[in-house]
Each structure stands twice: as C-alpha cells, then as structure tokens.
Amino acid sequence: MDFDPPFQQTYKTLLPELGKGDKAFAVEEYELPSINLSHLLSPNQNEREKCIDEIVRAASTWGFFQVVNHGISDEVLKNMNYEEKKVFHQPFEKKVQKNFLGLSPDSYRWGNPKATSLKQLSWSEAFHICMEDLSGMNESKTLRFTMEKFAKTARGLAKTLAEILADNLGMIKTGTYFQENCPPNSSYIRMNRYPPCPYSSSKLVCGLIPHTDSDFLSVVFQDHVGGLQLLKDGKWIAVKPNPNALVINIGDLFQALSNGVYKSIRHRVIATEVERFSVAYFYCPSNDAIIESCGEEPAVYKQFTFGEYKIQNEKDVEDIGDKIGLQRFLRSYI
C-alpha cells in the first residue's frame, strides 16, 4: 500500500535473520483483571470499597488492568478510531512531510531505521502528540476536535484512578497533587498503526519493542486484533483483547511515586498478519514536577523531576538504543 512505511527496504539486512538462531516460545493468553468502574458511584459503601480494592490489587500485582463503564462514550471511541484510520491511510510521502497536519516534525514516527538487530525492529507507525501541540492542527480540525474530546475524557479517567491509587498510599495532598502537577497540556496522545507483517508467523517481529511507559498512567483503546504481551513473573504472556474495555497500565512515575508498590510492567506488541490500531493517552506531569517516593519504608528511588527523567531516557536511547528507565534513579544505582 502506498500508505505503508518502507519496512522491508529499510530492514532488508535484518530480515534474513528470521528463521535463524532465536526461536519464539509459545505464549499463553490471559485475560486482564476487569473492573467495573460504575461501582465507584454505588450508594453501597461496601461495593465502592471493593472496587477500590480491585484497582489497588491490580496495580500492585499486574500493573495492568482493564475497565468497563469508564465514562468515555462509545461515540467518542468510535470517532477516534475512524479519524485514526483516516490519517494513517494518507500516503506515506505525505505523512513524513515536515508540517503534516500542522504538527511538530518529530510527531510522526515509524519503525526504527537505526535498528541493528531484530530485537530493535518495530513494525509500526505512530503519531506521538503533546496536548499543547493540538492547537496547531488547523489543517485537520475534525481530527483535532476528536482528539481533544478523547483526551479530555481520558484525562478525567486517569486523574480519578491516580487519586484512588495515591490515596491508598496515604499520600499527603492526595486531592491536589495531580491537579497541581498534571495540567491538561502536559500529557500526550499516541495513535498507533501496526501494518500487516509478512513475517508475523515467526512470532519474532515486534510491532512495538519491549518497553515501560514513562508516565503515571496510560489509558489505551485497542481493537479486537490482539498482539499486546506483558512480562509477568519472568515470562511473556499474551493479553486477550477486549475492544469493549479500556486497558490501564501503571507507568514508571507511579512506580517511583509509590516506592515500588505499583508496578510499571515491561510490555510489547507482536506483529500480526492483520492490520491493528490503538490509541493511548499518557497521563504525564509538567517537566518541573517532582517525583519523590512516599511511604514509611526507606525510599527506593532518588528524587527527580519529570524533565530530568525524560532527558536521561533520551540520552540512554541515543547511546545504547534503549532506555534504562527507573534503574537510573535507584538510590543504589552504580
């Protein structure tokens, strides 16, 4: 298709590695913990407390969970999916143009042209957009309006979940911490497209290479195709897709803030023979927000700002091709 990035031409020296050396292992499929958020509004106190306990337990043990009755309307999600497909199906030559849709030049990303091994290969393309950049999207007002609507409702959901999790930690100023540190324009939206991969049968090609998210919480709307995998208890497991639910996952900042109580889990997307779409809202603070481990136990992580964390991640990616992440900020890191 003329809208697909040139994966095969770019990775032509790596693709012959398929079928040699490493072999893919069978991965079991699991359903994520599913939480009905309507119970948070129940007049029954026991029902509300049970829902909160489910959120806390999932964040502590899985680092991932899915939510239904989350407050984001089907109409908003349907429109988001429609607009996402429409923009990704623009010709590739148009998407790589410097000011496509009025976005910053680094908003559109695809693959990893610097990959030196199959492990670094990502068979996907994305628009990674800071909320403050949406105001410049005058070339596509429908897409801008749809993204703004999705972001507003996703932010409300993320803030609610973040405050529940913070309250469980006994954080001081729980009611104002996220209000003060996470203004609407500091978060990000990422639209993802995973083109059909002719090498998907090998199970060795990633649509998105293993990583953790550098935020507090991620809110993900995905389709029915599947491909998301988590590293749980030392082994990869496949997540059974549920297009009627949203996936929530803990990011690095919440693991640091919680002093390791909540888990930022390494995850990846495996390439498939079927086109796949997802959109994620990353709940982030401003660059000067201070991340400091709370709780009675000695702090596992050094105090840092979100800006410092991003700069260190960017440096590590440039130097070694991957982020080291929270390990860099361990008090015992050498």
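Residues considered: Asn44, Asn69, Asn81. Of these, the only one that is surrounded by 15 or more Cβ atoms within 10 Å (Cβ to Cβ) and farther than 29 Å from Asn259 by Cβ is Asn81. If you go through region 113-133 and keep only what is at pLDDT 85 or above and either surrounded by 20 or more Cβ atoms within 10 Å (Cβ to Cβ) or under 18 Å from the mean Cα position of the chain (by Cα) (or both), you end up with Leu121, Ser122, Trp123, Ser124, Glu125, Ala126, Phe127, His128, Ile129, Cys130, Met131.
Exactly one residue out of Ser214, Ser186 is closer than 27 Å to Ser117 by Cβ and surrounded by 16 or more Cβ atoms within 10 Å (Cβ to Cβ): that is Ser214.
Under the condition of being more than 17 Å from Ile265 (Cα to Cα), in a helix (DSSP H, G or I) and among the hydroxyl-bearing types (Ser, Thr, Tyr), the residues counted in region 27-70 number 1.
Looking at region 286-334, which of its residues are on the phi > 0 side of the Ramachandran plot and either at pLDDT 95 or above or not in a loop (DSSP other than H, G, I, E, B) (or both)? Of everything in region 286-334, just one residue is on the phi > 0 side of the Ramachandran plot and either at pLDDT 95 or above or not in a loop (DSSP other than H, G, I, E, B) (or both), namely Gly325. Of all residues in region 86-97, none are within 25 Å of Asp215 (Cα to Cα), touching a residue at least 24 places away in the same chain (Cβ under 8 Å) and not in a helix (DSSP H, G or I).
From the list Ser140, Ser104, the lone residue that is hydroxyl-bearing (Ser, Thr, Tyr), surrounded by fewer than 19 Cβ atoms within 10 Å (Cβ to Cβ) and closer than 24 Å to Leu208 by Cα is Ser104. Residues of region 168-212 that are assigned to a loop (DSSP other than H, G, I, E, B) and either in contact with a His (Cβ under 8 Å, 6 or more places away or on another chain) or aromatic (Phe, Trp, Tyr) (or both): Tyr199, Thr212. Candidates in region 218-268 are the residues that are more than 26 Å from Cys294 (Cα to Cα) and of a type in the set (Phe, Trp, Tyr); of these, the one that is surrounded by the most Cβ atoms within 10 Å (Cβ to Cβ) is Phe221.
Among the residues of region 100-111, is there at least one that is touching a residue at least 60 places away in the same chain (Cβ under 8 Å), in a helix (DSSP H, G or I) and more than 23 Å from Glu273 (Cβ to Cβ)? Checked region 100-111: no residue is touching a residue at least 60 places away in the same chain (Cβ under 8 Å), in a helix (DSSP H, G or I) and more than 23 Å from Glu273 (Cβ to Cβ). Do we find that Leu257 is of a type in the set (A, V, I, L, M), under 26 Å from Glu314 (Cα atoms) and over 17 Å from the mean Cα position of the chain (by Cα) in this structure? So Leu257 passes the test. Conditions first: (1) surrounded by 18 or more Cβ atoms within 10 Å (Cβ to Cβ); (2) among the hydroxyl-bearing types (Ser, Thr, Tyr); (3) in a loop (DSSP other than H, G, I, E, B). Tyr281 passes all but one, so which condition is the exception? If we test Tyr281 against (1) surrounded by 18 or more Cβ atoms within 10 Å (Cβ to Cβ); (2) among the hydroxyl-bearing types (Ser, Thr, Tyr); (3) in a loop (DSSP other than H, G, I, E, B), just (3) comes out false.
The single condition among (1) modelled with pLDDT of 95 or more; (2) among the polar types (S, T, N, Q); (3) touching a His at 6+ places or on another chain (Cβ under 8 Å) that Ser107 does not meet is (1). Residue-level check: of (1) more than 30 Å from Ile72 (Cβ to Cβ); (2) at pLDDT below 95; (3) surrounded by 17 or more Cβ atoms within 10 Å (Cβ to Cβ), Thr272 misses just (1). Residues of region 80-112 that are more than 19 Å from Ser135 (Cα to Cα) and either within 19 Å of the chain's Cα centre (by Cα) or of a type in the set (S, T, N, Q) (or both): Asn81, Lys85, Phe88, Gln90, Arg109, Trp110, Gly111, Asn112.
The values are calculated or read from the model by the stated rules, or taken from the named source; none is laboratory data. Since we're looking at a predicted model, the values are computed, not measured. Note: ideal-geometry Cβ built from the backbone for every residue, glycine included; neighbour counts use all protein chains shown.
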